[in-house]
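For reference, the structure is listed below as structure tokens.
The values are calculated or read from the model by the stated rules, or taken from the named source; none is laboratory data. Just so we're clear, the structure is a prediction, and the values are computed from it rather than from any experiment. For neighbour counting, all protein chains shown are included, and Cβ atoms are generated from backbone atoms with ideal geometry for every residue, glycine included. Areas reflect the complete protein model, heavy atoms only, side chains present, ligands, DNA and RNA absent. Shrake-Rupley method; radii C 1.70, N 1.55, O 1.52, S 1.80 Å.
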Amino acid sequence: MRWTSCFTRSRRGLLPASLLLAAAPRPAAAQTVSPPIAEYQERARSSFQLSNESLFPLNVVLELRGFTVTEQGEVQDAPFDSTRLRVKLSAMSFRIPPRGTYTVFYEAVADSLPAWFNILSAISGARTDAGLNVRILLPHVVYLNQKLPLRKAEVAVRAFVVDTARHKARVRLENTGPRLGRVLQVAAGRGRTLAPSGPAFPLFPGMVRWTEVDWPDDSLPDRVVVKFAKFTLDTLVRPELAATRAPDVPAGASSP
């Protein structure tokens, strides 16, 4: 899996560069990290690869960072928790030649599970079509999962809001337990009709998460189907029209 992305720091954390560079010249060729996300049970011994598709050599400095995810799915930068996480990297800085690649090996273990962190690659030397130098931040996100998976009884649907004008539905999920789980699919339905599912995302321990899915039908849905690796939550829920809710109800967003 390959993923091209660009992040920049702000007071709130790491934000997609597309929010800030929409009007700026783009790099002449992409820099990528593969894979962008990796999940392991209890501990990790793995690697990721950085690719330089440009005609210029790139300098890379690695940094370990933490992160949090809001109810709306926004990823926010956080300090790396060295009190319970131990990570060894094969290199902290290196140079990638033009049209070249570099593989970083790492080991990670945590005193308590689940745990998650970023290996952030700060890349300098990239240039835009106009010849401007840019600095790119590419995260490799690592999840260390607990041995026992999230249980069905620990997941609850707390709200189901339908926007008939946009043909969308918003679902508010809560993880009431101490385990990390990954939502593979979320879909709205009515009877045997099931709309296309929304994107996958992690459901963090003790956290609430909004997600938005399509609902193209004119009738109101009355089912929410949430699929995990080990179980599927299929429940009847009375929908609420978006117009009757307070205006600050968030729309769904994707996260690592």
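Quick look at the values:
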item	result
Residue match in the range 193-201 (condition: on the phi < 0 side of the Ramachandran plot, small (Gly, Ala, Ser) and assigned to a strand (DSSP E or B))	no
Whichever residue in the range 135-157 is farther than 16 Å from Trp116 by Cα and β-branched (Val, Ile, Thr) and, among such residues, is surrounded by the fewest Cβ atoms within 10 Å (Cβ to Cβ)	Val157
Hits in the range 217-233 (condition: surrounded by fewer than 18 Cβ atoms within 10 Å (Cβ to Cβ), under 29 Å from Val75 (Cβ atoms), touching a residue at least 12 places away in the same chain (Cβ under 8 Å) and out of contact with any Leu (no Cβ under 8 Å at 6 or more places or on another chain))	Phe231, Leu233
Residue count, the range 81-105 (criterion: in a strand (DSSP E or B) and either under 19 Å from Gln31 (Cβ atoms) or open to solvent by 60 Å² or more (accessible area, probe 1.4 Å) (or both))	12
Selection count where residues are in a strand (DSSP E or B) and either open to solvent by 40 Å² or more (accessible area, probe 1.4 Å) or of a type in the set (S, T, N, Q) (or both), scope the range 33-63	15
Leading residue by the ranking (farthest from Trp116 (Cα to Cα)) among those in the range 167-201 that are free of Cβ contacts under 8 Å to residues at least 60 places away in the same chain, of a type in the set (Val, Ile, Thr) and surrounded by 19 or more Cβ atoms within 10 Å (Cβ to Cβ)	Val186
